[in-house]
1. Please give the length that would be gained between Arg400 and Asp100 if that part of the chain were fully extended, namely 0.36 nm times their separation in residues minus their C-alpha to C-alpha distance (nm, one decimal).
2. If I model a spin label at Lys197 and Glu169 as a point 7 Å from the Cα along the Cα→Cβ vector, what separation in nanometres do I get?
3. How many percent of all Cα-Cα pairs in region 264-443 sit more than 20 Å apart?
4. Mind checking which of Ala390, Ala223, Ala114 has the largest fluctuation in a GNM of the chain, springs on alpha carbons under 10 Å?
5. Say each of Arg154 and Lys441 gets a label point 7 Å from the Cα, pointing the same way as Cα to Cβ; how far apart are those two points in nm?
6. Work out the FRET efficiency for Asn146 and Glu362 from their Cβ-Cβ distance, taking R0 = 60 Å, and round it to the nearest 0.05.
7. Can you tell me the order of 316-322, 274-280 when each peptide is scored by its average per-residue count of other Cβ atoms within 10 angstrom, highest first?
8. With r defined as the distance between the Cβ atoms of Phe345 and Ser71 and R0 fixed at 51 Å, what FRET efficiency is calculated, to the nearest 0.05?
Amino acid sequence: MQLGSLNMFHYLHLTNQKGEELENYIKNDKLAEGYYKIKHNSGLTMLLYPKENYTSSFVMLSVKFGAIDTSFEAEGKAYKIPLGTAHFLEHKALCSDDDDAFAVMSSYGADANAFTSAEKTAFYFSSINNIEECLEIMLKKIKECNHSKESIDREREIISQEIKMSEDECDWICYQNLLKAMYHDSVISSEIAGTAKSIEKINLQTLKECYKYFYNPSNMILAAAGNIDCEKIKAVVDRVFDKTCDLPVKKIYAKEPNEVKYHYIEINQPVSTPIFNLGFKIKEKEQANIRNIILDEMLIEIIAGDTTYFYKDMYDRGIINSTFCADTFNCRGLSAIVFEGESRFPAKVMDLMCKRIRHLQENGIDKENFIGYVKAAYGKYIGVFSSAEAIVNALLYFERIGGCLYDVPNILSSITVKEAEERLRNVISTEDVVLSVINTKQEEK
């Protein structure tokens, strides 16, 4: 089977008069479009994807500093920082004692926000007009890092309230408990915002040290797509970011065993129907790559996608309902496939899912059905190009895991049913399963 209609792409290397490489233009011949990958002299990486006929634009600055980055070495010194530090710094990066960059950007018509995940901190905005003005406001504010002890203490109170509010988010708690049981390294399952106790340890010195090493332009990626003028965006970066010294940071992570920590974890909360997360820890011999991630996403659909007879049978019998869904977990090279939803019989779901996986491992995957899953994956990929926000997120995703946005069609055209079967047999085991359940209060024993 061939799905190569978008496969043809190439790199154009642009140089200055001295022969020094300035940028790569990565063009897809079939789409007749492409994007720039630019290494700015400040160390900042820029991914710029202009789209004709788009009225709006989406811009994101991604900082390689996330919730799991609590131990690192820099300039010969070891650092151990409190949980929640990356999230705390995100809160303060665009807000100082003087003004709030979000409010200023909003006055220019931009919809701006920020978030922290396990592996990164991101600042973003969407707008129809004033793209360069909003970008300059955002970059200048991030460059300043002008904070006082008083403003940090005020922010601590805000974040403390945010942590308390998250204690009522049952879906999130169930997922965090799954990671807690699956991984031996507690940092992986830690709350992104930290705990009430950990944020008390965050002070001005902590934030300054993390800002110095992680908010260096060489540790950032700027991605933009839509109705953008690439030359104007580069001019903004030239004005804001000077040439800086690269400050290498070595992130320290605990070694993670293949086996899960616990197979079952349960708590009681006031929910109308029990909530479950069912995870299968993947045994990787090497760090996750694009091909394996695509395979895992396809295996999710093969195992229990809503087009399978297996899914329909569980649904018709009332074992699952319409909340049932699945996704892959990928963090610092570790992977898992996770199924979640509501069920009055979560243990039954786990039993049936394990039997389903063993059946596929022993009997193989239907070849005709497999072609349908490949086509569906291809359609999902094509959908990325319909949204500036989706393009930006895809650019950053592939940059993080090592690859190009246009790699996907090549991979899909070469994936075979045999390859999917081998991955299902070799890296997914029903022995490495975790069930996380939130039961109703009435069922408390």
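Since every read-out is calculated from the coordinates, none of them should be taken as a lab result. Please read these numbers as outputs of a predicted model, since none were measured by experiment. In this analysis, Cβ positions are derived from the backbone assuming ideal geometry, glycine residues included, and neighbour counts consider all displayed protein chains.
1. Details: separation 300, 0.36 × 300 = 108.00 nm, distance 2.93 nm.
Roughly 105.1 nm would be gained on extension.
2. For Lys197 paired with Glu169, the spin-label model returns 2.2 nm.
3. It works out to 57 percent of all Cα pairs.
4. So, out of Ala390, Ala223, Ala114, the one fluctuating most is Ala390.
5. In this crude label model, Arg154 to Lys441 measures out at 3.7 nm.
6. Working: r = 62 Å, r/R0 = 1.04.
Once the sixth-power term is evaluated, E becomes 0.45.
7. Working: 316-322: 13.6, 274-280: 24.1.
For the peptides 316-322, 274-280, the packing ranking is 274-280, 316-322.
8. On the way: r = 41 Å, r/R0 = 0.80.
Approximately 0.80, to the nearest 0.05.
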